[in-house]
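The values are calculated or read from the model by the stated rules, or taken from the named source; none is laboratory data. The model shown is predicted, which means the values in this text are computed figures rather than measured ones. Glycine also receives a Cβ, built like all others from the backbone with ideal geometry; neighbour counts cover every protein chain displayed.
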Amino acid sequence: MPSAPSGSSMWSSTLRVAWVVILALGSAPAAAQAPNTIARDRLPAELAQLTDDEVARIARMSPLPALAADPTNRHADSAAAAEFGHRLFFEPRLSPKGVSCATCHDPVRYFTDGKPLAQGIGLSTRNAPTVVDAARRRWVGWDGKFDSLWSQALSPIEHPAEMGGSRDAVLALVKEDATLREGYERAFGPFPGTPDDGTLTNILKALGAYQRRIVSGTAPIDRFVAALEGVEAPAGSAGLDALGPAARRGLAIFVSKGGCYQCHRGPSFTDEEFHALGLAGANGKVAEDPARLAAIDFLQRNPMNSAGPFSDAPASPKASMVRGLRRTGELFGQFRTPPLRGVALTAPYMHDGRFATLADVVRFYDTLEGASPVGHHGESVLVPLELGEAGRADLVAFLEALTPAKSDEAEWWTNPPEPSLRTHPAPPGR
């Protein structure tokens, strides 16, 4: 959580490009320019010293907006496709070793696996990020190697260290298993006698449709912001008491001297961009993982990207953005800013799971102990915060207040019973 930058240090070429991209998508700037809706006379004592700009940052933390459409997947909001994808997500037969998507993205662990590095058939080099609210992300994966949930779904299935399966085996399983075949046909029509890449793409888009259902519910921060804005709280809710004194002090740090808001802003607490934090690599010195630098090459070559032949919107703004991505040396070692809703449930932390607790993460930002030497692709805005033990504890208390409830559709958070499919009308044309 970087401290505020001085002068023009924040406006590196990378961030200027990121701002252009945001403008092209027509999303984040509108939220960034939203007026402050919190009257100063409602502020509790812990927030009374904040400036108007800092108070406005709090107003922009809630509520979460409606989920944006995914035009690249015309089945994204199909209930039948989501139910088929639900079954596939928990299906161990997608892997010859019995590894399912839920192995690394376990609902009991907020759709993570609780391990420093994801463990499938083999050991990954990255921590398993949560699937909760993944449909809100501009890029998927720590390095943004994918531009949609459906395009990401094939990679873990085929990766030898993850599920170790193959596309042919997936097609054969769906064709031969009566329940899975019925699920496919309810969503997409008759299963073809000779399945092809289009059939495979439908299966992947069903997995994407399911993951769009994994969304978070209301968190204490939402109730707190609503109370600050004068919104009448539902009976039995905490209102301003949704955040205790320590969490309020942590919130003040977050939006002011901590500078956390620079990268963790808005209702998802992320700028949706990529940064190199100066974390030392396995060699104890500079980072060795190229991250975003290599991901752009992969993304643009992937025929299942938003601009590719399997996209349902190859002329969409997202497709144009994918075509326009450019590699620069600054991208080396940059990882996506993770969202912070639910962060208390997703330990361990960082792309390589190096920090076991939130207290460890906050201590790193507070001291920058263990950071790489200056000049090795680290963020120039990072300086020690020097919050001290009490300030660090307050910041952790605030981060814990970002823990949401499950969404109202909690059935999506469980392994579907057998048979898993509900009744839906057949798609047109059958």
* Asked: Residue check: is residue 299 in contact (Cβ under 8 Å) with a residue 40 or more places away in the chain, over 16 Å from the mean Cα position of the chain (by Cα) and over 26 Å from residue 64 (Cα atoms)?
  -> yes
* Can you find even one residue in region 313-320 that is within 22 Å of residue 131 (Cβ to Cβ) and at pLDDT 95 or above? -> yes
* State which residue pairs qualify: first residue within 28 Å of residue 397 (Cα to Cα) and modelled with pLDDT under 95 and inside region 327-355, second residue crowded, with 20+ Cβ neighbours inside 10 Å and among the basic types (Lys, Arg) in any location, beta carbons under 6 Å apart, and separation of 6 or more residues or different chains. => 334/292
* Structure fact -> Checked against (1) modelled with pLDDT under 95; (2) crowded, with 19+ Cβ neighbours inside 10 Å, residue 73 satisfies every condition except (1)
* Asked: When you look at residue 80, is it part of a helix (DSSP H, G or I), buried (at least 18 other Cβ atoms within 10 Å of the Cβ) and not hydroxyl-bearing (Ser, Thr, Tyr), yes or no?
  -> yes
* Asked: Looking at (1) in contact with a helix residue (DSSP H, G or I) (Cβ under 6 Å, 6 or more places away or on another chain); (2) part of a loop (DSSP other than H, G, I, E, B), can you tell me which one residue 46 breaks?
  -> (2)
* **Selected residue (only one of 157, 221, 214 is of a type in the set (A, V, I, L, M, F, W, C), in contact (Cβ under 8 Å) with a residue 24 or more places away in the chain and assigned to a loop (DSSP other than H, G, I, E, B))** => 214
* Structure fact -> residue 61 passes all but one of the listed conditions (1) surrounded by 22 or more Cβ atoms within 10 Å (Cβ to Cβ); (2) in a loop (DSSP other than H, G, I, E, B); (3) in the same structural domain as residue 202 (by TED's automatic domain parsing); the exception is number (3)
* Which condition number in (1) outside the structural domain of residue 303 (by TED's automatic domain parsing); (2) touching a residue at least 12 places away in the same chain (Cβ under 8 Å); (3) in a helix (DSSP H, G or I); (4) not aromatic (Phe, Trp, Tyr) is the one that residue 96 fails? -> (3)
* Quick check: is even one residue across region 164-171 outside any helix (DSSP H, G or I), closer than 30 Å to residue 324 by Cβ and not polar (S, T, N, Q)? -> no
* **Residue among 123, 117 that is surrounded by fewer than 20 Cβ atoms within 10 Å (Cβ to Cβ), within 28 Å of residue 334 (Cβ to Cβ) and without any contact (Cβ under 8 Å) to a residue 60 or more places away in the chain** => 123
* Asked: Just a yes or no: is a residue in region 287-297 touching a Lys or Arg at 6+ places or on another chain (Cβ under 8 Å), crowded, with 18+ Cβ neighbours inside 10 Å, among the β-branched types (Val, Ile, Thr) and more than 30 Å from residue 222 (Cα to Cα)?
  -> yes
* Asked: Inside region 306-320, can you point out the residues that are surrounded by 19 or more Cβ atoms within 10 Å (Cβ to Cβ) and closer than 20 Å to residue 136 by Cα?
  -> 306, 307, 311, 318, 319
* To do: Identify all residues within region 151-163 that are out of contact with any Pro (no Cβ under 6 Å at 6 or more places or on another chain) and either closer than 17 Å to residue 102 by Cβ or of a type outside the set (Ser, Thr, Tyr) (or both); write none if there are none.
  => 152, 153, 154, 155, 156, 157, 158, 159, 160, 161
* **Close pairs (6 angstrom Cβ cut-off, 6 or more residues apart or separate chains): within 23 Å of residue 147 (Cβ to Cβ) in region 183-211, among the aromatic types (Phe, Trp, Tyr) anywhere** => 187/84; 201/310; 202/188; 204/150; 205/150; 206/84; 208/150; 210/89
